[in-house]
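The next block holds one structure in the form of structure tokens; read it before the comments.
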Amino acid sequence: MTYTDLIFDLYGTLVDIHTEEDDTVWEKTALYFDFYGAHYTREELRAAFQANLRAREAKAGQSYECFPDIPFEEVMADLFRCKGVENADILGVNAAQLFRICSIEYLRLYPGTLEALTNLRKKGYRLWLLSNAQNIFTAYELRHLGLGEQLDGIYISSNFRCRKPDVRFFRALLEGEGLDPAGCLMIGNDRHTDIAGAKNAGLATLYMHTALTPGDQTAADPALRPGTAPAGTRHFEFEGDDWAELELLIGLI
């Protein structure tokens, strides 16, 4: 076994999800605000949210993709505060969760995910999650999907206020858990965040080209398929989302 630690992205890697943050979602969220005395139209709430988020990003003073990942619920809480509503922090959490629930069209594991994680742990791998995500959403979704107990540790970007490909996020995991980068394989579906960021942090990489991979990114290279890639490579590629197959291939590298 070349690697001791497998680090997974979440959405598009282990989990298939589709969300629509459309007018209906903003309208229902605005109604929730209105129930507590914070009066916004749908358009006003969306504009206020985006303005608050932009202001926080500008204060960070960093380029795109290296912005701190700003907690969604903190922005929502600010919008309650702007209207003089008490208990803004609690209401911000509730509004964030309502927004997410209303936006989800489906949320499901890719085929064979739970079985693959169980088998990989039995083979001696330690399993970690490193996800660009909002903890206020993802912590509950992991519970719903039954993934939390399959993992040795969970690192969600909003908790660290930085996101992949920022090397600080990778270091948070590596240093926090005392991991040797040489023994780590990062598995993700985005060449720019998961793969490029992991390489900069000194990790081996496995790119999964799935339906949730950004449309401008290329399909997996068959020459880099796990099990048949050239000896000594530290980058692999896999086409699709079949974890029953991929679990077996990981055992070959």
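The values are calculated or read from the model by the stated rules, or taken from the named source; none is laboratory data. Worth saying up front: this structure is predicted, and the values here are computed from it rather than measured. A quick note on method: Cβ atoms are made from the backbone with ideal geometry, for glycine too, and the neighbour counts reach across all protein chains shown.
What the table shows:
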{"quantity": "Matching residues in the range 128-142 - criterion: being surrounded by fewer than 17 Cβ atoms within 10 Å (Cβ to Cβ) and of a type in the set (A, V, I, L, M)", "calculated": "ALA139"}
{"quantity": "Residue in the range 2-54 that is farthest from GLY148 (Cα to Cα), counting only those that are among the basic types (Lys, Arg) and in contact with a helix residue (DSSP H, G or I) (Cβ under 6 Å, 6 or more places away or on another chain)", "calculated": "ARG42"}
{"quantity": "Selection count where residues are under 26 Å from GLY240 (Cα atoms), among the charged types (D, E, K, R) and surrounded by 14 or more Cβ atoms within 10 Å (Cβ to Cβ), scope the range 3-62", "calculated": "3"}
{"quantity": "Among residues of the range 142-152, those that are within 16 Å of the chain's Cα centre (by Cα) and in a helix (DSSP H, G or I), counted", "calculated": "5"}
{"quantity": "The lone exception for GLY92 - which of (1) surrounded by 16 or more Cβ atoms within 10 Å (Cβ to Cβ); (2) touching a residue at least 60 places away in the same chain (Cβ under 8 Å); (3) in a helix (DSSP H, G or I) it fails", "calculated": "(2)"}
{"quantity": "Test for GLY148: is it touching a strand residue (DSSP E or B) at 6+ places or on another chain (Cβ under 8 Å) and either within 18 Å of LEU120 (Cβ to Cβ) or buried (at least 21 other Cβ atoms within 10 Å of the Cβ) (or both)", "calculated": "yes"}
{"quantity": "Residue list for the range 1-22, restricted to those being part of a strand (DSSP E or B) and within 17 Å of the chain's Cα centre (by Cα)", "calculated": "LEU6, ILE7, PHE8, TYR11, VAL15, ASP16, ILE17, HIS18, THR19"}
{"quantity": "Selection from the range 125-156 of residues that are in contact with a Leu (Cβ under 8 Å, 6 or more places away or on another chain) and under 18 Å from ILE195 (Cα atoms)", "calculated": "LEU127, TRP128, LEU129, LEU130, SER131, ALA133, TYR155, ILE156"}
{"quantity": "Output for the range 188-222, where each listed residue is closer than 11 Å to GLU237 by Cβ and of a type in the set (A, V, I, L, M, F, W, C)", "calculated": "ILE195, LEU206, MET208, ALA219, ALA220"}
{"quantity": "Any hit, the range 232-244, residues being within 16 Å of the chain's Cα centre (by Cα) and in a helix (DSSP H, G or I)", "calculated": "no"}
{"quantity": "Single residue of ALA139, ALA204 found to be closer than 20 Å to LEU249 by Cβ and touching a strand residue (DSSP E or B) at 6+ places or on another chain (Cβ under 8 Å)", "calculated": "ALA204"}
{"quantity": "Subset of the range 217-231 (residues that are assigned to a helix (DSSP H, G or I) and surrounded by fewer than 13 Cβ atoms within 10 Å (Cβ to Cβ))", "calculated": "PRO222, ALA223"}
{"quantity": "Close pairs from the range 43-60: first within 21 Å of PHE99 (Cα to Cα), partner at pLDDT 90 or above and acidic (Asp, Glu), Cβ under 6 Å, at least 6 apart", "calculated": "ASN52/ASP78"}
{"quantity": "Single unsatisfied condition, SER158 versus (1) touching a Ser or Thr at 6+ places or on another chain (Cβ under 7 Å); (2) modelled with pLDDT under 95", "calculated": "(1)"}
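Here's the yes/no breakdown for (1) of a type in the set (A, V, I, L, M); (2) touching a helix residue (DSSP H, G or I) at 6+ places or on another chain (Cβ under 7 Å); (3) outside any loop (DSSP other than H, G, I, E, B):
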| site | (1), (2), (3) |
| --- | --- |
| TRP128 | no, yes, yes |
| ALA133 | yes, yes, no |
| ILE136 | yes, yes, yes |
| TYR140 | no, no, yes |
| TYR155 | no, yes, yes |
| ASN159 | no, yes, yes |
| LYS164 | no, yes, no |
| PHE169 | no, yes, yes |
| GLU175 | no, no, yes |
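The rows are residues; the columns are (1) polar (S, T, N, Q); (2) not assigned by TED's automatic domain parsing to the domain that holds ALA88.
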position	(1), (2)
ASP9	no, yes
THR13	yes, yes
THR24	yes, no
THR29	yes, no
PHE33	no, no
TYR36	no, no
TYR40	no, no
LEU45	no, no
GLN50	yes, no
